[in-house]
Structures are given as C-alpha cells and as structure tokens.
Amino acid sequence: MTKPPKSKPLLQTDKPVRSRPRKPRDPTQPNLPLDPMPYRVEPCLALLKARVPKGDQWAYEIKWDGYRLAVHIEPTGVRIITRGGHDWTHRFPAIEAAAKSLGVSTAILDGEAVVLDEQGRSDFSALQQSLGGRHGKATSGDAIFMAFDLLYFDGHSFIETELSTRRHLLESLITGEGAIRLSEEVDADGEALLRIACEHDLEGIIAKDREAPYRSGRGGEWVKVKCIQSDSFAIVGYEHSMSARAGIGSLLLAARRGGKLVYVGSVGTGFKEAPTWKLREELDKLVTKKPAVEYAGRRKDIVWTRPRLIAEIEYRAWTADGKLRHASYKGLRDSADKAEIYEIA
C-alpha cells in the first residue's frame, strides 16, 4: 500500500494565511441521550455563487477537487460511502485503516477523497487514475480523506447542531497527517482568501454558515466560489479525427435547460493517452444515429452517442450564444459520484 504523501503548504505568501486556533474539547459537556446512528445521510451541497458571502457568521475553507465521501465508523467496522450511496470501502484501504485508528466507537465524517500533486493541490485526474478510471475496480493507496464535517459522534447525532459545534468536535478528533486529515478553516477575509487561492491555481473556496445545522441538498448554508469554472456536462457525441488520440478530435457537450438537453459546445484539449482510449471504447458502445440535442454547427465526421457519460469540464466563461469558452477535459464522472449535469438557468 502506498504511503499517503505529506501535506504541502497551499497558501504561501509574505504573510501566510493561518488556520484559526483549535480549542480543546470541553470535558464538562453534559451527557446526552444516545441517538440511533443513521445508515446514510444525504450530503449537504454547496451552492455556486459569483461573490464570496461576507460577515462573521461565515467560515472559509479551500475547495477540494475529488470524490465526496462519508466515512461511517461503526462497532462492526468502517463503511466508506459515495455521494450516490455506493459502498467503496474496499477502494480506499488507507482511509479505512486510518478511520479504525481514530479510536472512536461511532462517527460519521463528511469530506472529500483527493490525490494531492507536488504543490499540495487536489488533482481530480490523478484521483481517477489511482482508482483505475471510470468503472475501474482498482484500490487507491494515494488518496487521502479531507474531513470537513462531523455528523455523528460517540452515539450522538449532530445534524441539527450548528456548524461551529460540529467543527469544534471534528478538530479534536482529526489531529494527524495520515490518510484522514482535517480540511482547515482558514482565518482570513473571504475575498482575500479567494484571490490567494486563484493565484495558487486552486479551484476556489467554500463558505459555510457557522450557525446553520447540517441540511441535505443545496440550500445555501454552504456556498462555493470558483476561480476557474468546473462543471459536469453530458457527452452527446465526438468529432472523429484520424490524427487525434484514440480518434477523438473533440467531445460534443450538453447541459440541461428545463427538461431537455441543449448543446453547449465542444472540448478538444485535456486528453491523456490511456484514459482517452478507454473513453473511446465507452463512447463506441453508445453510438446512435439520432442526436440527443439540436445541432446547427459545421463540424464534420460527428459520431453521435447516447448521453450516458458525464464529463467534468474546466472552462473560463460562456460565449454570448451560450457556448463554453476555453474548455478543457478533466475526466469522466463515475456514476457512484452522482454527478449532476449542469443546469442552465
């Protein structure tokens, strides 16, 4: 099993941004009646905003680019559950071992599985490769779990408890640099943190309401602000090219508008050798004569496919006619990750 890499400093400046001081757990906290441990909790999702929310009620963290997971520590063992409800315990043996070594009888940790690059940034493509690609069966020894919330602990549910208390308990639990690490709250002005994150080529930041309970879904208690846009789009075809990797000149992409898919442009960069051949194999299983979108472009040699594959695409902006600008392919989302196709408002 590969030893997880040591954490690297992310935000080095003349005046480095520091995590706020951690407080010791209060031993005089009163005993509470035991709560049944939920089998699964639907995750709280961050709402995308253009601006960083301001005010003392907001706590800020770096946005990680990986797979959302919940780590369940139970008397019978550890379960690692994906956002879509799939059990991936066997695919993250280092995280499973680290969870067992925390020394607690029951807990549910919310966080993100990531693989870090040499600068300590999360690398989605590297995470996918470590797991053998989409629908792969490989186990990842490189992935670590960045924990950012605690939903259940020592027989007590904290779902209805404010974030500040949940974080207080989480910080007392996660103290090491192993396969489970704390996603630090950064004690800084939100806009300044976003600017520094963008300067270091990070994806963005997350703002969380300290006073809010844990709410499943995208209710606005958590907000994400990105440096570079990265969203999920359906692949509806590809442009065949004899000179390109695996014969894929570009992928044709679609987003949702109302109840149907609409064409939002193509992506022709970001492809890597081995994953692209696997992508071509999957696309060729989905070939159809009937396009899933209306298309009025001039591309030739288009191979239309059924919109079963979802790609994570990085892009800079939208054109006036609703197409992606400067798009780059990052990889396929796994069905277990329950990725949502981008919805055009």
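Each reported figure results from applying straightforward, stated rules to the coordinates on display, with no laboratory input. Keep in mind that this is a model prediction, so the values were computed, not measured. Here the Cβ positions follow ideal geometry from the backbone for every residue, glycine too, while neighbour counts run over all protein chains shown.
For region 65-186, the Kirkwood hydrodynamic radius comes to 14.6 Å, computed from all pairs of different C-alpha atoms. Projecting the Cα positions of ILE80, THR319, LEU286 onto the charge dipole of the chain (unit charges on Cβ atoms of Lys, Arg, Asp and Glu, taken about the Cα centre) puts LEU286 furthest along the positive direction. Springs join every pair of Cα atoms under 10 Å in this Gaussian network model of the chain, and among PRO36, PRO275, PRO53 the largest mean-square fluctuation is at PRO36. Could you pull out which residues in region 158-201 have an amide N less than 19 Å from a spot 7 Å beyond the Cα of ASP56, following the Cα-Cβ vector? In region 158-201, the label zone of ASP56 (backbone N under 19 Å from the point 7 Å along Cα→Cβ) covers 162-168, 186-191. Counting only cysteine Cβ atoms and a cutoff under 4.7 Å, the chain contains unmatched residues CYS44. Ignoring aspartates and glutamates fewer than eight residues from LYS54 along the same chain, the ones with Cα atoms less than 16 angstrom from its Cα are GLU185, ASP187, ASP189, GLU191, ASP209, GLU211, GLU221. The mean sequence distance of close C-alpha pairs (under 8 Å, at least 6 residues apart), as a share of the length of the chain, puts its relative contact order at 19 percent.
Taking a ≥ b ≥ c as the square roots of the eigenvalues of the Cα gyration tensor of region 229-337, is the shape rounded (a/c under 1.5), prolate (a/b larger than b/c) or oblate? Cα axes put region 229-337 in the rounded bin. For the pair VAL262 and GLU199, a Förster radius of 35 Å applied to the C-beta separation gives a FRET efficiency near 0.55, rounded to the nearest 0.05.
Ranking PHE124, PHE148 by Cβ neighbours within 10 Å, fewest first, what do you get?
On the way: PHE124 20, PHE148 24.
Least to most surrounded, the residues fall as PHE124, PHE148.
Pop the C-beta distance of ARG40 and LYS289 into the FRET formula with R0 = 30 Å and round what comes out to the nearest 0.05. Once rounded, the FRET efficiency stands at 0.15.
Ordering LYS285, LYS224 from the fewest to the most neighbouring beta carbons within 10 Å gives LYS285, LYS224. Put simply, when 287-297, 76-86 are sorted by average Cβ atoms within 10 angstrom per residue, most first, you get 76-86, 287-297. Name the residue, out of ARG256, ARG68, ARG167, whose mean-square fluctuation peaks in a Gaussian network model built on the chain with Cα pairs under 10 Å. Greatest mean-square fluctuation among the candidates belongs to ARG256.
Equivalent ellipsoid of the chain: semi-axes from √(5λ) of the C-alpha gyration tensor, largest first, are 37, 22, 19 Å.
To the nearest 0.05, what FRET efficiency results for ARG245 and ARG316 with a Förster distance of 25 Å applied to their C-beta separation? FRET efficiency, ARG245 to ARG316: 0.65. Approximating the spin labels as points 7 Å out from Cα along Cα→Cβ, the GLU191-to-THR76 distance works out to 5.2 nm.
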